[in-house]
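> Shown below is the structure under consideration.
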Amino acid sequence: MKKLIVFLLFPTLVNANADAVEQYLINEPATLLDVGMLRLENLTNEFEQRVGLHWTDGDKMKLFRAEVSSHYDDQAGKIYVTISAMHDEPTEAQMAEGCSNATMQMTIWLIKSLPNLFLHKGYEDPSVPPLYSQGLKDMFEVRCHFSSSHDSSQGRFWASRRLGVGGEEEMRIGRWDVNN
């Protein structure tokens with residue numbers, strides 16, 4: 001008899017949990033950061049599909065695809081767009097050229113898209129702070145990581161470019177510490 005009562009009450013218990021989840025989803029508001037990060041993900045997916053990394057190899061140019069991702073670091077107050085690539089034994093000069101080209105192209109894509117990725121659509125919000133566009137650019141950093149496709153501990157290389165400052169002088173490059 002007890003089993004029959006539990007069996008009959010089980011759908012009610014499951015529905016109560018489902019109702020609580022549904023109510024949470026209905027009542028939890030999305031922020032412009034949430035919406036902007038979704039729009040940014042769409043932009044980086046499009047970039048990943050349409051744009052290839054390239055470097056010069058002798059007289060010809062090598063072109064290949066890379067993975068692009070983005071995330072918000074609430075501790076640093078930064079949005080990072082990361083381009084990750086693996087390739088057969090690239091030289092340091094080729095990795096530097098590939099990262100420079102990739103970060104510059106992604107920077108151009110982002111500058112053309114900002115601040116619209118992180119604004120309301122269809123109306124102007126009078127509460128948008130002054131210098132919003134510049135402040136948003138200051139939050140962004142584009143990163144590039146290279147590894148050898150044979151061994152990810154070899155040929156590690158990184159580069160980054162901050163959007164807010166813009167320009168070649170703000171590009172930083174270096175070897176990637178395997179212990180990180």
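What follows is calculated from the coordinates using simple rules that are stated; it is not laboratory data. Fair warning: this is a prediction, and the values are worked out from it, not measured in the lab. Neighbour counts are summed over all protein chains in view; Cβ atoms, including those assigned to glycine, are modelled from backbone coordinates with ideal geometry.
> In segment 31-175, what % of DSSP beta bridges are antiparallel (nearest 5)?
Roughly 70 percent of the beta bridges in segment 31-175 run antiparallel, per DSSP.
> How would you order 97-103, 110-116, 17-23 from highest to lowest mean count of nearby Cβ atoms within 10 Å?
Working: 97-103: 23.0, 110-116: 15.0, 17-23: 10.0.
Top to bottom by mean Cβ count within 10 Å: 97-103, 110-116, 17-23.
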